[in-house]
Amino acid sequence: MTFSIVGRCPETGHLGIAISSSSIAVGARCPWLRAGVGAVSTQNITLPALGPQILDRLEAGEAPASALEQALARNGYGQYRQVTVIDSHGASAHFSGSEALGVHHARAGEQCVAAGNLLASTAVIDAMVEAFEQADGGLPDRLLAAMHAAMTAGGEAGPVHSAALSVVGDLVWPVVDLRVDWAEHDPIGELDKLWCAYEPQLHDYITRALDPTTAPSYGVPGDE
């Protein structure tokens, strides 16, 4: 049903998530990030509340494993959940309940954690971690490299239809928040196209927010 990777860039401290699913609009329910705090992916049979609850605990100083354990205990039905966590220092934790769907696997790597369920094989997750660790470029590029590696390794047992990429940096809002809510074919490829279109404009939109007097114009109606 879903595979994802949460990661951290050791050079910038940025945190990010890339995720794909056979379900519609995975980016609306599963990825949760907070600048300077951490990133959480809550998946399988998703309880979105786990994301902010774990982030609250991380912000209060709890370690990822404890924050994850306490949030699962608070809400019950932990056997149906699959959750990955990374904090602002790169410490991580993951959990897959006994009712995780189909072939499932989770693995922590250097500055990342990947997990998935209803997989073609457990090798999908191993490929994600290894691709993230070996990829060049910034955090979004490394996260997307992991997603492409997952598909090359077999991906899900069935087709995927949605994908999302989110990154937080030094600002309180995400510097990257891109979603493909539904695609009949290759939502990860569509997400890659979105990133390629957005990347050249990313810093301009930050400039617009912080100092409108120096904001560049793109020549669209109303943009002067």
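The values are calculated or read from the model by the stated rules, or taken from the named source; none is laboratory data. Predicted, not measured: the structure shown is a model, and the values here were computed from it. Using ideal geometry, Cβ is built from the backbone for each residue, glycine included, and neighbour counts are taken over all protein chains shown. Heads up: the accessible areas ignore ligands, DNA and RNA and are worked out on the full protein's heavy atoms, side chains in. Shrake-Rupley method; radii C 1.70, N 1.55, O 1.52, S 1.80 Å.
What residue, of 211, 186, 177, is in contact with a strand residue (DSSP E or B) (Cβ under 8 Å, 6 or more places away or on another chain) and surrounded by fewer than 18 Cβ atoms within 10 Å (Cβ to Cβ)?
Of 211, 186, 177, the one residue that is in contact with a strand residue (DSSP E or B) (Cβ under 8 Å, 6 or more places away or on another chain) and surrounded by fewer than 18 Cβ atoms within 10 Å (Cβ to Cβ) is 177.
Out of region 159-189, which residues are polar (S, T, N, Q) and over 29 Å from residue 210 (Cβ atoms)?
162
Being under 11 Å from residue 157 (Cα atoms) and in contact with a helix residue (DSSP H, G or I) (Cβ under 9 Å, 6 or more places away or on another chain) is the filter; apply it to region 102-115 and report the residue that is surrounded by the fewest Cβ atoms within 10 Å (Cβ to Cβ).
It comes out as 103.
Name the single residue, out of those in region 70-83 being among the polar types (S, T, N, Q) and out of contact with any helix residue (DSSP H, G or I) (no Cβ under 9 Å at 6 or more places or on another chain), that is farthest from residue 113 (Cα to Cα).
79
How many residues, within region 139-160, are more than 19 Å from residue 104 (Cα to Cα), open to solvent by 20 Å² or more (accessible area, probe 1.4 Å) and of a type outside the set (Asp, Glu)?
2
Among 35, 25, which is of a type outside the set (S, T, N, Q), surrounded by fewer than 24 Cβ atoms within 10 Å (Cβ to Cβ) and on the phi < 0 side of the Ramachandran plot?
The unique qualifying residue is 35.
For residue 71, work out the one condition from (1) in a helix (DSSP H, G or I); (2) open to solvent by 10 Å² or more (accessible area, probe 1.4 Å) it doesn't fulfil.
Unmet condition: (2).
I'm told residue 121 meets every condition in (1) polar (S, T, N, Q); (2) assigned to a loop (DSSP other than H, G, I, E, B); (3) touching a residue at least 60 places away in the same chain (Cβ under 8 Å) except one. Can you identify the failing condition by its number?
It fails just one condition, (3).
Only residues in region 181-205 that are among the aliphatic types (A, V, I, L, M) count as the first member; pair them with residues that are open to solvent by 50 Å² or more (accessible area, probe 1.4 Å) and assigned to a helix (DSSP H, G or I), Cβ under 9 angstrom, at least 6 apart or cross-chain, and list the lot.
183/190; 188/148; 188/151
Return yes when residue 92 is on the phi < 0 side of the Ramachandran plot and buried (at least 20 other Cβ atoms within 10 Å of the Cβ) and no when it is not.
Yes, satisfied.
Keeping to region 36-53, report how many residues are more than 16 Å from residue 97 (Cβ to Cβ) and part of a strand (DSSP E or B).
2
Within region 182-207, work out how many residues are assigned to a loop (DSSP other than H, G, I, E, B), in contact with a helix residue (DSSP H, G or I) (Cβ under 9 Å, 6 or more places away or on another chain) and not small (Gly, Ala, Ser).
Residues meeting the conditions: 1.
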